[in-house]
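First the structure, in the form of structure tokens, and then the observations on it.
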């Protein structure tokens, strides 16, 4: 009888050890599967580009992750194309035409108004070079359409004199299909200069 009790105790002990071992193995298997899935999922976002002997890594992400940077670049590019002016009628026309692909008719209307005020003809006749420097772009990408307020400095240089003007502009931006003319897939709406003052 005593031997039977010992045998029963040994059996129960082996049973408990077996259950614990199987549970631990199951836990290890589940953990390994989860970690493998995460690692594979993370690795699938990486693309390797090989060019001759050089290897480059590109990481895929969602469009919204990089949207504020793209909005900032789009707005800066528009301002550079529209406000950087040299005394060359053909170059002025080419540059402003490129800017029109980034914005709606509000940009064209501003261009027409400046043209009516003889701004561009005065630039050409006075041999003036105008350059814009973007001080900062305040972006609200939390709401759609996005909103951008740009603070910039415009410097006009003549043969003998120069002038500096501070401007603040405002626009809203919408998502559009990406293209060669608008690589960020954005389009500016209701562009306007909300403040313009001569600094010195």
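Please treat every number below as a calculation from the coordinates, not as lab data. As the structure is a computational prediction, the values presented were derived from the model and not from experiment. Note that we place each Cβ from the backbone using ideal geometry, even for glycine, and neighbour counts take in every protein chain shown.
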The range 64-198, relative contact order in percent, only Cα pairs under 8 angstrom and at least six apart counted: 24
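Could you rank the peptides 86-96, 67-77 by their average count of other C-beta atoms within 10 Å per residue, with the highest value first? It would help to have the intermediate numbers written out before the result.
Numbers: 86-96: 14.0, 67-77: 18.7.
So the order, starting with the most tightly packed, is 67-77, 86-96.
Would you please classify the overall shape of the range 64-198 from the alpha carbon gyration tensor, given that a ≥ b ≥ c denote the square roots of the eigenvalues, rounded means a/c under 1.5, and beyond that prolate means a/b larger than b/c while oblate covers the rest?
On the way: a/c = 2.17, a/b = 1.68, b/c = 1.29.
It is prolate, given that a/c is not under 1.5 and a/b is the larger ratio.
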Shape of the range 96-166, Cα gyration tensor, a/c cut at 1.5: oblate
